[in-house]
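**Student:** This structure is in structure tokens; I'll ask about it shortly.
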Amino acid sequence: MFHLDAAGSCSGMLPDTIAPRMKKKGFVLRGLTLGIKGEYMKIWVDADACPAVVKNILFKAADRTRVELTMVANHPMKIPQRNYINFLQVASGFDEADNRILEQLGKGDLVITADIPLAVQVLEKEGVALNPREGATFRMPKVA
């Protein structure tokens, strides 16, 4: 069981930079799911440009944690047949996958994307955006 305590410390696989921000927004980490008013975090993947090795890691993590994982792409792809792993195929076109992710995104959901404009929109909707190539979270710039 993972838990974010009042001091902001947590155990688990999330980067240390995420836990303090989650604490400020009232998130509670439970088994790698974020409890927000009785709801749980979902993971959305901009799968067209996501490296295959990252997809495989995400499939294994979803198997281990049972977190709902949805791959969104404009071309067919093979995914493991699990109740908590989904695939949404969108029409070919500019930002079709991005738009579908943003339509479905909930507060506190995690989006795996290397697309900076999508990451900005995710942050504006109070989600968390993670770059699959660097493993770093995107952050909004501070305006003085």
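The values are calculated or read from the model by the stated rules, or taken from the named source; none is laboratory data. Everything quoted here is computed from the prediction, not taken from an experiment. Note that each Cβ is placed from the backbone with ideal geometry, even for glycine, and that neighbours are counted across all protein chains shown. Calculation scope for accessible area: heavy atoms of the full protein, side chains included, ligands and nucleic acids excluded. Shrake-Rupley method; radii C 1.70, N 1.55, O 1.52, S 1.80 Å.
**Student:** What pairs can you find where one residue is in segment 78-91 and in contact (Cβ under 8 Å) with a residue 24 or more places away in the chain and closer than 13 Å to Val45 by Cβ, the other is of a type in the set (A, V, I, L, M) and open to solvent by 60 Å² or more (accessible area, probe 1.4 Å), and their Cβ atoms are less than 9 Å apart, with a gap of 6+ or different chains?
**Tutor:** Filtered contacts from segment 78-91: no entries.
**Student:** Given the criterion of a type in the set (A, V, I, L, M, F, W, C) and part of a helix (DSSP H, G or I), identify the matching residue among Ala119, Ala91.
**Tutor:** After ruling out the rest, the residue left standing is Ala119.
**Student:** Identify, from the list Lys125, Lys107, the residue that is in contact with an Asp or Glu (Cβ under 6 Å, 6 or more places away or on another chain) and open to solvent by 20 Å² or more (accessible area, probe 1.4 Å).
**Tutor:** On inspection, the qualifying residue turns out to be Lys107.
**Student:** Is it true that some residue in segment 130-139 is in contact with a helix residue (DSSP H, G or I) (Cβ under 7 Å, 6 or more places away or on another chain) and modelled with pLDDT of 95 or more? Let's see the steps before the verdict.
**Tutor:** Kept after step one, since they are in contact with a helix residue (DSSP H, G or I) (Cβ under 7 Å, 6 or more places away or on another chain), are these residues of segment 130-139: 132, 137-138.
Now drop any that are not modelled with pLDDT of 95 or more, which leaves none.
Among the residues of segment 130-139, not one is in contact with a helix residue (DSSP H, G or I) (Cβ under 7 Å, 6 or more places away or on another chain) and modelled with pLDDT of 95 or more, which makes the answer no.
**Student:** If you don't mind, another one. Select from segment 67-101 the residues that are open to solvent by 10 Å² or more (accessible area, probe 1.4 Å) and within 12 Å of the chain's Cα centre (by Cα) and list them in ascending order.
**Tutor:** Matches in segment 67-101: Glu68 only.
**Student:** Follow-up. Counting only residues that are open to solvent by 50 Å² or more (accessible area, probe 1.4 Å) and among the aliphatic types (A, V, I, L, M), which one in segment 128-144 is nearest to Ala73 (Cα to Cα)?
**Tutor:** Of all residues in segment 128-144, those open to solvent by 50 Å² or more (accessible area, probe 1.4 Å) come to 133-134, 139-144.
Among the residues that remain, those that are also among the aliphatic types (A, V, I, L, M) are: 140, 143-144.
Values: Met140: 26, Val143: 34, Ala144: 37 Å.
Selected residue: Met140.
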